[in-house]
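Structure first, commentary second.
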Amino acid sequence: MGAKRVKDLIAAWMVGNGALMLIAPRQRALLWTLGPEWVRKLALWYAKHPAVMRLRGAAGVGFGVWLALRQYEGLENEPVEELGPWYRRWFGG
């Protein structure tokens, strides 16, 4: 079950990152103008071509949703542990 959780977190990160690329592609690219020269050049290129950045964002959202949906397959048949009220779980009562 741990691998599914990790993949779910990756999917959530990809959806959020992709949404930010769709909303503000130029600003998002300029945020990453640091590090080695090739990284700065790539970030500046993306800043000059926001449509490409938006395309990357849309692809990231799509892949993230696809990955998340794959993690949910078969979960409806797994047993759910009855936990009881929250105060009993927290205080042992």
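The values are calculated or read from the model by the stated rules, or taken from the named source; none is laboratory data. Bear in mind the structure is a predicted one, so any value in this text is a computation, not a measurement. Neighbour counts run over all protein chains shown; Cβ positions are idealised from the backbone, glycine included.
How about the stretch 32-76: which of its residues are among the basic types (Lys, Arg) and touching a residue at least 24 places away in the same chain (Cβ under 8 Å)? Answer for the stretch 32-76, where residues must be among the basic types (Lys, Arg) and touching a residue at least 24 places away in the same chain (Cβ under 8 Å): Arg54, Arg56, Arg70. Applying a threshold of 6 Å to beta carbon distances and a minimum spacing of six or more residues, or different chains, the list of pairs starting in the stretch 10-23 at a residue that is farther than 17 Å from Pro50 by Cα and small (Gly, Ala, Ser) and ending at one that is at pLDDT below 95 and buried (at least 16 other Cβ atoms within 10 Å of the Cβ) reads Ala11/Leu67; Ala11/Ala68.
Every residue, every condition in (1) loosely packed, with under 13 Cβ neighbours inside 10 Å; (2) modelled with pLDDT of 90 or more, yes or no:
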residue: Trp32; (1), (2): no, no
residue: Trp38; (1), (2): yes, yes
residue: Pro50; (1), (2): no, yes
residue: Arg54; (1), (2): no, yes
residue: Gly60; (1), (2): no, yes
residue: Ala68; (1), (2): no, yes
residue: Glu73; (1), (2): yes, no
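Taken over the stretch 17-52, the criterion of being under 25 Å from Lys7 (Cβ atoms) and part of a helix (DSSP H, G or I) is satisfied by Asn17, Gly18, Ala19, Leu20, Met21, Leu22, Ile23, Arg28. Against the definition (surrounded by 11 or more Cβ atoms within 10 Å (Cβ to Cβ), of a type in the set (Phe, Trp, Tyr) and not in a helix (DSSP H, G or I)), how does Trp13 come out, yes or no? So Trp13 does not fit the description; no.
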